[in-house]
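Q: Here it is: the structure, laid out below.
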Amino acid sequence: MIKYFMSNKKKTDLRGFVYSTDPNFHFEEAKNIEDTLLPSQQKLKVRLETKHRGGKAVTLIEGFIGKQDDLEDLGKKLKSFCGTGGSAKDGEIIIQGDQREKVLQWLLKSGYKNAKRI
C-alpha cells in the first residue's frame with residue numbers, strides 16, 4: 001500500500017519555481033518596490049475599452065506608478081465617485097461603463113494634472 005502525505009509535495013515559491021538544476025542558484029528577492037509618485041507627477045491615461053468584455057464598455061485608467069495599496073485606494077475613490085463597480089490590478093484601474101468624463105474631471109480636481117483622455 002502506498003501512502004501519500006501532503007507534506008511530501010514539493011512546495012513552489014511565489015514565482016512558480018519548484019527546483020533548479022544549478023547548484024549555485026538562489027532566488028533573488030524583489031527589492032524594487034516603487035514608492036508612489038505624487039499626484040502631480042503621475043501620467044495617467046483614461047480610455048474606453050470594449051475588447052474581451054462581451055461588448056460591454058469599461059473605462060481604463062493606465063500609467064499609475066506606485067504601490068498596489070495606493071492603486072487600490074485610488075480605484076476605490078474613483079468607483080465611489082462614479083457610482084459604479086470596477087477593479088484595480090496590474091497597474092491599471094477598470095471602471096464599469098463609459099465614465100471617461102467623470103474620471104478625468106475627478107483626477108484633475110484631485111491634483112492629477114497630467115491625466116489625459118485618449
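Q: Report in % the part of the accessible area of the stretch 58-118 that belongs to carbon and sulfur, leaving out ligands and nucleic acids; probe 1.4 Å.
A: Ligands and nucleic acids excluded, carbon and sulfur reach 45 percent.
Q: Of the trypsin sites (Lys or Arg not before Pro) in the stretch 40-100, which ones lie in a loop per DSSP and count no more than 13 other C-beta atoms within 10 Å?
A: Answer in residue order: 51, 53, 56, 67.
Q: How far, in nm, would the chain grow between residue 67 and residue 24 when pulled straight, counting 0.36 nm per residue and subtracting the alpha carbon separation?
A: 12.3 nm
Q: Here's another thing I want to ask about it. Would you mind computing, in nm to one decimal, how far apart the modelled labels at residue 116 and residue 53 are, each placed 7 Å from Cα along Cα→Cβ?
A: Spacing of the two 7 Å Cα→Cβ label points: 2.1 nm.
Q: Further, regarding this structure: Net charge within 11 Å of residue 49 by Cβ-Cβ distance, Lys/Arg positive one each and Asp/Glu negative one each, not counting residue 49 itself?
A: Neighbourhood net charge equals +2.
Q: Something else now. Net charge within 14 Å of residue 88 by Cβ-Cβ distance, Lys/Arg positive one each and Asp/Glu negative one each, not counting residue 88 itself?
A: Charge balance near residue 88 sits at -2.
Q: I've got another one for you. Just to make sure I understand: if all protein chains stay in place, what is the order of 78, 104 by accessible area at 1.4 Å, largest first?
A: 104, 78
Q: Would you mind checking the pairs 51/76; 76/109; 56/109; 51/109; 79/109; 51/113 and listing those with alpha carbons more than 20 angstrom apart?
A: Checking Cα-Cα distances, 51/76; 56/109; 51/109; 51/113 exceed 20 Å.
The values are calculated or read from the model by the stated rules, or taken from the named source; none is laboratory data. Model, not experiment: these values are computed from the prediction. A quick note on method: Cβ atoms are made from the backbone with ideal geometry, for glycine too, and the neighbour counts reach across all protein chains shown. SASA here: full protein model, heavy atoms, side chains in, ligands and nucleic acids out. Shrake-Rupley method; radii C 1.70, N 1.55, O 1.52, S 1.80 Å.
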